[in-house]
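Report on the structure given below.
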Amino acid sequence: MTAYLIRNVSPVGGEPTDLLIRDGVVAEVGAGLSADDATVIDATGLVALPGLVDLHTHLREPGREDAETVESGSRAAALGGYTAVCAMANTSPVADTAGVVEQVWRLGREAGLVDVQPIGAVTVGLAGERLAELGAMADSAARVRIFSDDGHCVADPRLMRRALEYVKAFDGVIAQHAEEPRLTEGAQMHEGEVSTRLGLTGWPAVAEEAIIARDVLLAEHVGSRLHVCHVSTAGSVEVLRHAKARGVRVTAEVTPHHLLLTDERAESYDPVFKVNPPLRTAADVDALRAALAEGVIDVIATDHAPHAVEDKECEWAYARPGMLGLETALSIALDVLGPRWDLIAERMSRVPARIAGLTGHGLDPAPGVPANLTLVDPAARRVIEPAELASRSRNTPYARMTLTGRIVATFLRGEPTVLDGKAVK
Amino acid sequence: MIRHLLSGADLDADTATLVLDTAAEMATVAGREVKKLPALRGRTVVNLFYEDSTRTRISFEAAAKRLSADVINFSAKGSSVTKGESLKDTALTLQAMGADAVVVRHPASGAPHRLADWVDGSVVNAGDGTHEHPTQALLDAYTMRSRLGRLAGLHVAIVGDVLHSRVARSNVLLLSTLGAKVTLVGPPTLIPVDISPALAPGIDVSYDLDTVLPNVDVVMMLRVQRERMSDSYFPSAREYARRYGLDGPRMRRLPEHAIVMHPGPMNRGMEITPEVADSPRSTIVEQVANGVSVRMAVLYLLLGGSNR
Ligand SMILES: [Zn+2]
């Protein structure tokens, strides 16, 4: 194993220092370190964050390898500063058995760019009818702890209650895609002024809020852990605030795009802005930002959703919902939160690692800690060119936008996956 | 002049008035023995219809032919290729054929906007999903102006399924631009959320047709699809007709001079009774004839006439 000496880097909340990485862990932290066998990286002006952890990534493998693979998605993640991603279960076949989650987990290990932690489906085939073998997935080599039917809501309240109860046996958490399906039939975008003008069927905020309200009450009743995926409305924030005040064991995530973009983007009818839940209003964006800063929303998760060109370059109504996120998330967070590195580390690394039970991740560099970390140049600016992304898909809503902040290096257990802003393998 | 006509919002008051004035000139052609102008000779107009609408297609076809354009009718309905691929591929085909204008009808809102990104010629929206149908609004405005002599200051009630109506959206935008006052009437389930200011500020909404009728110059009845009943937008056809249908007694609540419009095709007995549809106040037949003149004006102005 090679040793790396990172010189003059700013850790979160601290003065510039040196970090020596050896044998996969942080060996020493301090000024003026030296090691003859180490590769030296001059990190003057760079910030060292604990490696980012994404609770919500779609890797598309198995089934849609034309849109993304575990390997291409892992590379995009590493370039975005991530050292671990949780892979959603809505693949084809669905990740609803020990076999499929182990396959995804193994592919992640082979790629070796980030830790790929599979999420298991809550119900067989995401059909919302009967529980998948949650225990078998938990006991598998993949050691699944998060379960989600993401893309679909577990709409049946009795089934949701059972799922919440059942996973207590192995400290699991149910991550809910909160969307009352009867209120969103045919929905194409946020229901409001813009949908009225564009003649696109609306997805009302209450369809999300009603499910979150129901689920926090269920979680409270059975004393279980609930995680709410991609919260998108001001009303949802209020429901979460209320639930947390009551001591409900609920956590929530928000995506970069819901923190930055509004439903007015749909005016172009360009489906790159079509996503589920949809982009909301400026008032919702403001409420989400405030909730994230306060901690009512616990984490930023990308909901990285790659799609092949033919699924996006078409009429709005026929396009698949979803946006790329892994390679741009940190820049959006920096834009939204400002250079509040402790808050960014909390929302994008420490807390998501805790929710997912990824004990080796989300740790600030200290002697003995696994060297999962990312070095950021906070001042660099870059223009997003879709063709240059590592993802196999091109559906970024930030095309040709200038974003601030660049990932210079990412280390996974002491080995660089990204150096000088380029993927190592 | 604008390059595409995708929305009623593409037209400012001057441009819209220019279209209506030009349509009035075009109407004189219809009265001639040889109903043809050489204005668009050598130009190609493609009618690209992803949805059946014989009357709209024929109206555009007649308009283009009266201007001596070459017309290609392309019915894309029923082609089972991946929908997205087919629109972009079709755009590339039209491009290769050198289409000067593409008249597009499509079941997806915004499809003409997408097409306009992919072709060099002018795109005319002939109805997209539940979004807009701007030439219908122009012909409605033309009809009102011919009957009532003006548009500014008119009070127009648009009645029925506003939520799913592209005709209503385009009319609201255009009539507001031209200084008319609009009141939308229907059951609350069929009036879109945030309609004002989404479309235009100052739009009134009423759920009570009877109180609105005595104060309007124009009442425009929209087609109501019976399928909406099974989706619980309203309880029954009978209840709908009783509360929001225009029958003889209701028509007599209108001021003497007021006219009754309908974009067709009508559900006689649902939103409108035969007595009303066939009365002298009804402009339904004129609307069809005016449609050709208005579409001639639109194609003529978009394609720059013979000057280009
Ligand atoms: Zn989701």
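Conditions tested, residue by residue: (1) at negative phi; (2) over 15 Å from the mean Cα position of the chain (by Cα); (3) at pLDDT 95 or above; (4) in a helix (DSSP H, G or I).
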{"site": "A:A67", "(1), (2), (3), (4)": "yes, yes, yes, no"}
{"site": "A:R75", "(1), (2), (3), (4)": "yes, no, yes, yes"}
{"site": "A:V94", "(1), (2), (3), (4)": "yes, yes, yes, no"}
{"site": "A:L107", "(1), (2), (3), (4)": "yes, yes, yes, yes"}
{"site": "A:A138", "(1), (2), (3), (4)": "yes, yes, yes, yes"}
{"site": "A:H152", "(1), (2), (3), (4)": "yes, yes, yes, no"}
{"site": "A:R158", "(1), (2), (3), (4)": "yes, yes, yes, yes"}
{"site": "A:R162", "(1), (2), (3), (4)": "yes, yes, yes, yes"}
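For the stretch B:153-173, the candidate set comprises residues that are assigned to a loop (DSSP other than H, G, I, E, B) and aliphatic (A, V, I, L, M); within that set, the residue that is nearest to B:P214 (Cα to Cα) is B:L154. Answer yes or no as to whether A:A77 is touching a residue at least 12 places away in the same chain (Cβ under 8 Å) and surrounded by fewer than 21 Cβ atoms within 10 Å (Cβ to Cβ). Considered against the rule, which asks whether it is touching a residue at least 12 places away in the same chain (Cβ under 8 Å) and surrounded by fewer than 21 Cβ atoms within 10 Å (Cβ to Cβ), A:A77 comes out as no.
If the condition is being more than 14 Å from every other protein chain (Cβ to nearest Cβ) and away from the ligand (no atom under 16 Å from the Cβ), then the stretch A:293-323 contributes A:A293, A:E294, A:G295, A:V296, A:D298. Being touching a Gly at 6+ places or on another chain (Cβ under 7 Å) and surrounded by fewer than 20 Cβ atoms within 10 Å (Cβ to Cβ) is a condition met by no residue of the stretch A:364-373. Scanning the stretch B:222-257 for residues that are out of contact with any helix residue (DSSP H, G or I) (no Cβ under 8 Å at 6 or more places or on another chain) and either buried (at least 18 other Cβ atoms within 10 Å of the Cβ) or under 23 Å from B:R55 (Cβ atoms) (or both) yields B:R223, B:Q225, B:E227, B:A241, B:G245.
Reported count of residues in the stretch A:368-390, each being touching a Lys or Arg at 6+ places or on another chain (Cβ under 8 Å), in a loop (DSSP other than H, G, I, E, B) and under 23 Å from A:L59 (Cα atoms), is 4.
For the stretch B:123-152, a residue qualifies if it is touching a Lys or Arg at 6+ places or on another chain (Cβ under 9 Å), in a loop (DSSP other than H, G, I, E, B) and more than 14 Å from every other protein chain (Cβ to nearest Cβ), and exactly one does: B:L151.
For the stretch A:161-191, a residue qualifies if it is touching a residue at least 24 places away in the same chain (Cβ under 8 Å), surrounded by 24 or more Cβ atoms within 10 Å (Cβ to Cβ) and within 14 Å of another protein chain (Cβ to nearest Cβ), and the qualifying residues are A:Q188, A:M189, A:H190. Would you say A:E185 is within 16 Å of the ligand (Cβ to nearest atom) and outside any helix (DSSP H, G or I)? Spelling it out, it is not the case that A:E185 is within 16 Å of the ligand (Cβ to nearest atom) and outside any helix (DSSP H, G or I).
Of the residues A:E327, A:E294, A:E313, the single one that is surrounded by fewer than 19 Cβ atoms within 10 Å (Cβ to Cβ) and of a type in the set (D, E) is A:E294. Evaluate the stretch A:335-347: report whether one residue or more is crowded, with 18+ Cβ neighbours inside 10 Å, within 14 Å of chain B (Cβ to nearest Cβ) and among the aromatic types (F, W, Y). Checked the stretch A:335-347: no residue is crowded, with 18+ Cβ neighbours inside 10 Å, within 14 Å of chain B (Cβ to nearest Cβ) and among the aromatic types (F, W, Y). The sole residue among B:V218, B:V205, B:V193, B:V285 that is touching a residue at least 24 places away in the same chain (Cβ under 8 Å) and under 27 Å from B:S176 (Cα atoms) is B:V218. Scanning the stretch A:72-103 for residues that are more than 16 Å from the ligand (Cβ to nearest atom) and within 23 Å of A:P370 (Cα to Cα) yields A:G73, A:S74, A:R75, A:A76, A:A77, A:A78, A:L79, A:G80, A:G81, A:Y82, A:T83, A:A84. Within the stretch A:214-237, which residues are in a loop (DSSP other than H, G, I, E, B) and within 13 Å of the ligand (Cβ to nearest atom)? If the condition is that a residue be in a loop (DSSP other than H, G, I, E, B) and within 13 Å of the ligand (Cβ to nearest atom), then A:C229, A:H230, A:V231, A:S232 are the ones that fit.
For the stretch A:204-218, a residue qualifies if it is touching a Leu at 6+ places or on another chain (Cβ under 8 Å) and surrounded by 24 or more Cβ atoms within 10 Å (Cβ to Cβ), and the qualifying residues are A:I212, A:D215. For the stretch A:261-278, the set of residues classified as surrounded by fewer than 24 Cβ atoms within 10 Å (Cβ to Cβ) and within 11 Å of chain B (Cβ to nearest Cβ) consists of A:E267, A:S268, A:D270, listed by residue number.
Each residue in the stretch A:112-136 was checked for being surrounded by 21 or more Cβ atoms within 10 Å (Cβ to Cβ) and not in a loop (DSSP other than H, G, I, E, B), and 8 pass. If you go through the stretch A:300-310 and keep only what is surrounded by 24 or more Cβ atoms within 10 Å (Cβ to Cβ), aliphatic (A, V, I, L, M) and part of a loop (DSSP other than H, G, I, E, B), you end up with A:A301, A:A305.
If you check A:A333, A:A290 for being away from the ligand (no atom under 16 Å from the Cβ), over 17 Å from the mean Cα position of the chain (by Cα) and part of a helix (DSSP H, G or I), only one passes: A:A290.
Residue selection: A:E71 satisfies the criterion of being in contact with a helix residue (DSSP H, G or I) (Cβ under 6 Å, 6 or more places away or on another chain) and either surrounded by fewer than 22 Cβ atoms within 10 Å (Cβ to Cβ) or in a loop (DSSP other than H, G, I, E, B) (or both). Against the numbered list (1) in contact with a Leu (Cβ under 6 Å, 6 or more places away or on another chain); (2) over 21 Å from B:A137 (Cα atoms); (3) of a type in the set (S, T, N, Q), B:S279 comes up short only at (1).
Taking helices (runs of 4 or more DSSP H) as the structural unit, those lying wholly within the stretch B:188-239 and holding at least 3 residues that are within 14 Å of chain A (Cβ to nearest Cβ) correspond to B:195-198, B:227-230.
Residues checked against (1) closer than 20 Å to B:L178 by Cα; (2) within 23 Å of the chain's Cα centre (by Cα); (3) surrounded by 15 or more Cβ atoms within 10 Å (Cβ to Cβ):
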{"site": "B:N215", "(1), (2), (3)": "yes, no, no"}
{"site": "B:M220", "(1), (2), (3)": "yes, yes, yes"}
{"site": "B:V260", "(1), (2), (3)": "yes, yes, yes"}
{"site": "B:G269", "(1), (2), (3)": "no, yes, no"}
{"site": "B:V276", "(1), (2), (3)": "no, yes, yes"}
{"site": "B:M296", "(1), (2), (3)": "no, yes, yes"}
{"site": "B:Y300", "(1), (2), (3)": "no, yes, yes"}
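The values are calculated or read from the model by the stated rules, or taken from the named source; none is laboratory data. Everything numeric here is computed off the predicted structure, so don't read it as measured data. Cβ atoms come from the backbone with ideal geometry, glycine included; neighbour counts cover every protein chain shown.
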